[in-house]
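**Student:** Quick one: the structure is below, questions incoming.
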Amino acid sequence: MGVLRKLLIPGVTAAVVYFGLTAASYTDTVVMKNKEYIKGVVVEEYKDRIVLSTVDGEKQIMRKDIANIMFDLEEQNLTNIGDRYQDRKLYKKAYYYYQRALEINPYYKRAKDGLNYVQTYLVNGGRADKLRYIQSLNEQLKGREGALVYDMQEKDRHLRDGLGITLKNVGRSYVITSVSKNSPAEKAGIKKGDVLSVIWGRPVKYMEPIEVMNRLLDPTVMDSKLVIERSYMLRLEDRPESYTSLVGIKLDFSEMEGLEVKKVSTQSAAEKAGIKEGDIILEVQGKSTRYMPLKDVENIIYSRRGKDLALKTSREVVIWKKFIDYSKS
């Protein structure tokens, strides 16, 4: 049986990841509509697909072909039910299942994000209804021709004015193309070139642009809890020292997050680049850390002495929006 490591991949489903995966290591079961059962570990979840780690490697499975997913962890099952109710705007039912999940595991991040999101909806629902009513009156005046294009242009403007960012859909990624000076986004530490990966615990990859905009601009929620990904290039000195001294960070695998930066040394290459304690290292020199033992990470870093080291990280940020009433414009 392989060595077991349990972790929550940032912004996506909690999973149990195995090195040397064997049949005895399986925990999750995907039930297909054709009655086939596929066993493995769900390591990523998106709106239209999942990524399943199996003994034969990772497989992408489209949700349209899935009848059910049975997770090993009960809090995962409950949170996924909550997500489905949230998508259907049945917030009271979603609240119930998120709360049930947190009773089992108070530290389960996806359930906490979901609960916080629907709590705000339930508290501020009246205000949101009024804003949507005003918006619907304005929409009636626009007519149908070019409505979607007009709507996206309006949302771009609201995003720039309210959060201080602009977005571009590149492939299936959402790249932040500008950050306004002194905006809520700049104050939250977001930079041009960052990639938006998660909004309130829900991965945005494979979401349509209009859905991403709606989640960012939701008038009911005055803050946006996001996960952004950022790439760094660090120049390492050619010194026979440990990776900790070369880069200026101490790393360890967090049970709930992955490969986490536990400490950043002052005046180090990492600190000068902007890496912070709590950042999650997703890639080292272009290689994913998902299944990588810490010793291998250390060896890659050590091999880059006197050269550039490429790191890709994720970081959770909270943006407090400006409230702008566009009904008066």
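The values are calculated or read from the model by the stated rules, or taken from the named source; none is laboratory data. All of these numbers come straight from a predicted model, not from anything done at the bench. Neighbour counts run over all protein chains shown; Cβ positions are idealised from the backbone, glycine included.
**Student:** Would you be able to say whether some residue in the stretch 305-325 is touching a Pro at 6+ places or on another chain (Cβ under 6 Å) and of a type in the set (Gly, Ala, Ser)?
**Tutor:** Scanning the stretch 305-325, I find at least one residue that is touching a Pro at 6+ places or on another chain (Cβ under 6 Å) and of a type in the set (Gly, Ala, Ser), so the answer is yes.
**Student:** For Gln99, are the conditions met, namely being of a type outside the set (A, V, I, L, M, F, W, C) and in a helix (DSSP H, G or I)? Give the derivation first.
**Tutor:** Working: of a type outside the set (A, V, I, L, M, F, W, C): yes; in a helix (DSSP H, G or I): yes.
Judged against the criteria, Gln99 is a match.
**Student:** Based on this model, can you work out whether Tyr95 counts as of a type outside the set (A, V, I, L, M, F, W, C), surrounded by 15 or more Cβ atoms within 10 Å (Cβ to Cβ) and modelled with pLDDT of 85 or more?
**Tutor:** yes
**Student:** Next question, about the same structure. Return the only residue of Ser254, Ser303, Ser242, Ser265 being farther than 29 Å from Ser183 by Cβ, out of contact with any Asp or Glu (no Cβ under 9 Å at 6 or more places or on another chain) and hydroxyl-bearing (Ser, Thr, Tyr).
**Tutor:** Ser303
**Student:** In the stretch 1-92, which strands (runs of 3 or more DSSP E) lie fully inside it and hold 3 or more residues that are at pLDDT 90 or above and over 22 Å from Ser197 (Cβ atoms)?
**Tutor:** In the stretch 1-92, the matching strands (runs of 3 or more DSSP E) lie at 28-32, 37-45, 66-70.
**Student:** Just name the residue that is nearest to Asp151 (Cα to Cα) out of those in the stretch 163-222 that are aromatic (Phe, Trp, Tyr) and crowded, with 17+ Cβ neighbours inside 10 Å.
**Tutor:** Step one: of the stretch 163-222, the residues aromatic (Phe, Trp, Tyr) are 174, 200, 206.
After this cut, where a residue has to be crowded, with 17+ Cβ neighbours inside 10 Å as well, the list is 174, 200.
Numbers: Tyr174: 18, Trp200: 23 Å.
Across the stretch 163-222, the extreme among qualifying residues is Tyr174.
**Student:** If you check Leu196, Leu226, Leu251, which single one turns out to be modelled with pLDDT of 90 or more and in the same structural domain as Val284 (by TED's automatic domain parsing)?
**Tutor:** Leu251
Yes or no, residue by residue, for (1) surrounded by fewer than 14 Cβ atoms within 10 Å (Cβ to Cβ); (2) among the polar types (S, T, N, Q):
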position	(1), (2)
Thr27	no, yes
Asn34	yes, yes
Tyr37	yes, no
Val43	no, no
Asp48	yes, no
Asn68	yes, yes
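**Student:** Hey, another quick one. Please specify each residue of the stretch 193-205 satisfying the condition of being in a strand (DSSP E or B) and either touching a Ser or Thr at 6+ places or on another chain (Cβ under 6 Å) or at positive phi (or both).
**Tutor:** Val195
**Student:** Give Gly274, Gly248, Gly286, Gly306 a once-over and let me know the one that is surrounded by 19 or more Cβ atoms within 10 Å (Cβ to Cβ) and not aliphatic (A, V, I, L, M).
**Tutor:** None of the others qualify; the one that does is Gly248.
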